[in-house]
Every structure is written in C-alpha cells, then in structure tokens.
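Enquirer: Starting off with a structure, shown below.
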Amino acid sequence: MTALLDIGDLRVTFPTSRGPLDVVKGISFTLGRERLGIVGESGSGKSMTGRSILRLIRPPGRVTAARLAFDGIDLMALSERQMRDIRGARISMVMQDPKFSLNPVMTIGSQIAEALLTHQRLGSGDLKRRVRAMLEAVRIDDPDRVARLYAHEVSGGMGQRVMIAMMLIPEPDILIADEPTSALDVSVQRQVLDIVDDLVRRTGMGLIFISHDLNLVSSYCDRILVMRDGAIVEECAAGQLANASHPYTKGLLAAIPRIDETRDELPVLDRLGWAT
C-alpha cells in the first residue's frame, strides 16, 4: 500500500511553568487510501495529532517531526502560504461541533461555495451545481432550500452534514474527522457515519477518524491506533480490537458498558505501573 501520509517522530510541545510539555510524544505511522481510527481518552493527544498534520498548532505550541510527508511533499518545509494550498484542497478536517464551526452570518450555500472557491475558479452556474450536488451527496433533501438557510436554522445532524459537504467539495485526498458525531444522538450518528463511509469508499480518499468510542471506530475503520498520554501504545486491524494485547487497550474495552450488563460495577482503569 502506497502511503499518502508518512509521519515519523511527531511531537507537539507546549511551554509550562515546569518546562516544556510534550502532548504528542514522538509518534510514527502511515496512512494509505484506507480508514484509520485513532482512539483514546480525552487528553490522549488524538486531536493534537490531527491538527498538527495540517500545521494548525499555533505558538506557543511547537510541532517537530523527523518526517511529516504528504504525497511526497515535506509539510514541515512549506511556508504558511503553501500550506493554505494544501488545507481544504488536499487535506480536509471536520471539527467536532458544527454550531461552532459554521459562520452564523453566511448562508449554508455560500459557506460550501467558499470552501470550493478558495482553491478553484468556477462560474456561478457551475458553482451552484457543485454545491447542490454536494448537498445531495450528504443526503440532504431539498438542497436548494437548505442552501439558503443559516447555521441557526439547521439541526445538529444537518449541520454536521453541511460541514462534511464543505470539507469534501474540493475533493481532498485525506479527510481528518475529529469526533464528527460526538454532539449527535445515536440514530443521527449512524446516518452521518454512513455518509462519510460511503463518500470515502467511492472517492478512494484516506480517512483519519478520531474518537473516544472504540466500538464505533472498530465498526467503521480498517486499522486502529490506540493513544495514551500522547503516545501510540497499540496498533491493530479493526477486526482484531477485541484481541488487543496492551493493558491500557484492554482496560478501555473492559470499561465499555454493555446492553446485557451483569457487572455490579464497571472496571476502573488502573494506570499504575503501565508502560507506554
């Protein structure tokens, strides 16, 4: 499998009163045209990893890497102007909550069109057709009406579909989805993830799916990285997650409640003595 993304010894560091703190601690992995899940507790470094790929970590944060290559391009060597040509056009990122990501004073259609016009020149007729087709692709009924709405006029599930449309309309090579369904109820979660899965399969792009939900990730991804305290502690095929060998991964799996739960108490993660 040819790697779209090749990361080696990636670190994200922030200054503190006690000295520099690594929140991502020298991780290495590759991504092909596949669905890669990154899981772990809050604070494990998942989102920082996704943002660092797009070089969205701002001072005083600092990103270093022995390798941060996308399609043969050294991302660490690019200027900010050159990175803007990569962001959105070739690598897109869906954030957690659409209500905080959508512009409240622009219509839905204008925001999706802006995501495309940032990287391409199109006539108004072609632009309108592309926006309409993208709204239909994320299964929004009556796309012409929705395109005229504002963020406060759409539901959370529809807002997340709009965000996906914005990120996918430039037809990127990689989509980074950071907790894309955390603000949605279970039924809408499945609808949104089915849309992402269908689009990823049809376009052949690479997907990085960041989540704390192990069951959700294992059902939608091909491969899983488990992160703890800024480091990757385990990598496995999604179908082999139940056979994980690292104590931390086993602890996360054991702490998941079940519908047929018979235990009096859920296990508590015991981190003492665990080696990364």
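The values are calculated or read from the model by the stated rules, or taken from the named source; none is laboratory data. Small disclaimer: the values here were computed from a predicted structure and weren't measured. FYI the Cβ positions are ideal-geometry reconstructions off the backbone, even for glycines, and counts take in every protein chain you see.
Enquirer: Restricting attention to the stretch 107-122, which residues are outside any helix (DSSP H, G or I) and at pLDDT below 95?
Expert: THR118, HIS119, GLN120, ARG121, LEU122
To keep it simple, each residue is scored yes or no on (1) in a loop (DSSP other than H, G, I, E, B); (2) of a type in the set (A, V, I, L, M); (3) over 17 Å from ALA3 (Cα atoms).
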| site | (1), (2), (3) |
| --- | --- |
| VAL23 | no, yes, yes |
| THR30 | no, no, no |
| LEU36 | no, yes, no |
| SER44 | yes, no, yes |
| MET48 | no, yes, yes |
| SER52 | no, no, yes |
| ILE57 | yes, yes, yes |
| VAL63 | no, yes, yes |
| ALA69 | no, yes, no |
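Enquirer: Is it the case that some residue within the stretch 145-158 is under 18 Å from the mean Cα position of the chain (by Cα), surrounded by 15 or more Cβ atoms within 10 Å (Cβ to Cβ) and not hydrophobic (A, V, I, L, M, F, W, C)?
Expert: The answer is yes, given that some residue of the stretch 145-158 is under 18 Å from the mean Cα position of the chain (by Cα), surrounded by 15 or more Cβ atoms within 10 Å (Cβ to Cβ) and not hydrophobic (A, V, I, L, M, F, W, C).
Enquirer: Has the stretch 121-143 got at least one residue that is within 22 Å of GLY206 (Cα to Cα), of a type in the set (Val, Ile, Thr) and without any contact (Cβ under 8 Å) to a residue 40 or more places away in the chain?
Expert: no
Enquirer: Quick test for you: out of ILE38, ILE73, ILE53, pick the one residue that is surrounded by fewer than 18 Cβ atoms within 10 Å (Cβ to Cβ) and at pLDDT 95 or above.
Expert: After ruling out the rest, the residue left standing is ILE73.
Enquirer: I've got another one for you. When you check ILE7 against the structure, is it within 18 Å of PRO172 (Cβ to Cβ), part of a strand (DSSP E or B) and hydrophobic (A, V, I, L, M, F, W, C), yes or no?
Expert: So ILE7 fits the description; yes.
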